[in-house]
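Below is one structure, written out as structure tokens, with a few remarks after it.
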Amino acid sequence: MYFTGLRPAEALGLRKQDCHLPQTGWGRLILAKSKPQANKKWTDSGAAHDDRGLKHRAEEEGRPVPIPPELVVILREHLDEFGVHEDGRLFRTSRGGVISIGTYCEAWKAARHLALTPEQVTSSLAARPYDLRHAAVSLWLNAGVAAPEVTERAGHGVDVLLKVYAKCIDGGAEISNRRIEDALAA
């Protein structure tokens with residue numbers, strides 16, 4: 001989710017046929033499905049997860065997401081080790097089910113303890129798996145990726161980007177001052 005800015009439900013719906021994983025270089029995901037979790041009485045199928053289209057998209061409209069070489073390698077290794085479910089899904093329970101919110105939140109909690117300092121663990125830093133999406137979008141903005149490109153990759157509008165993520169850009173004043181100085185000197 002950090003490399004791609006995927007929503008958790010989009011990651012749960014990721015299928016092998018959605019992945020373009022070249023031997024070298026950047027790859028691409030063409031997101032087509034989402035598996036949001038809800039109470040069983042609120043889904044069409046009576047299961048906790050229904051297949052849905054992507055948020056803010058027509059039912060069959062996909063979203064291309066370029067993925068860096070590091071993630072291409074990770075996904076290739078994941079496919080080699082775990083294979084896929086019969087429907088093509090990359091991520092599933094040991095019995096083939098859809099991973100529940102509770103399960104991946106518990107795994108994330110354990111991962112935070114392994115990856116972060118004790119001070120960071122007690123902070124709100126990356127407290128939820130969804131925070132990986134926020135971190136990805138913030139990284140792209142801090143890297144200077146143009147807002148329309150960020151919104152295309154993340155699957156939301158520029159208005160959401162500016163409302164939710166603009167405050168996440170770190171060190172922006174210093175960079176802006178340099179750019180303004182350069183423009184004034186030209």
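Any read-out appearing in this document is the output of simple, stated calculations on the displayed coordinates, not a laboratory observation. Note that the coordinates shown come from a computational prediction; the quantities given were computed from them, not determined experimentally. As a convention, Cβ positions derive from the backbone with ideal geometry for all residues, glycine included, and neighbour counts pool all protein chains shown.
Observations
- Multiplying the residue separation of ALA111 and ASP87 by 0.36 nm and subtracting their alpha-carbon distance yields 5.8 nm.
- With a simple spin-label model that places each label point 7 Å from the Cα along the Cα-to-Cβ direction, the separation between VAL158 and HIS20 comes to 2.6 nm.
- Gain upon complete extension [HIS78, VAL121; 0.36 nm per residue less C-alpha separation]: 12.8 nm
- Computed extension gain for ALA147 through ILE101, at 0.36 nm per residue and net of the alpha carbon distance, reaches 13.6 nm.
- Each Lys or Arg adds one and each Asp or Glu subtracts one; over the other residues with Cβ under 15 Å from the Cβ of LEU132, this totals +3.
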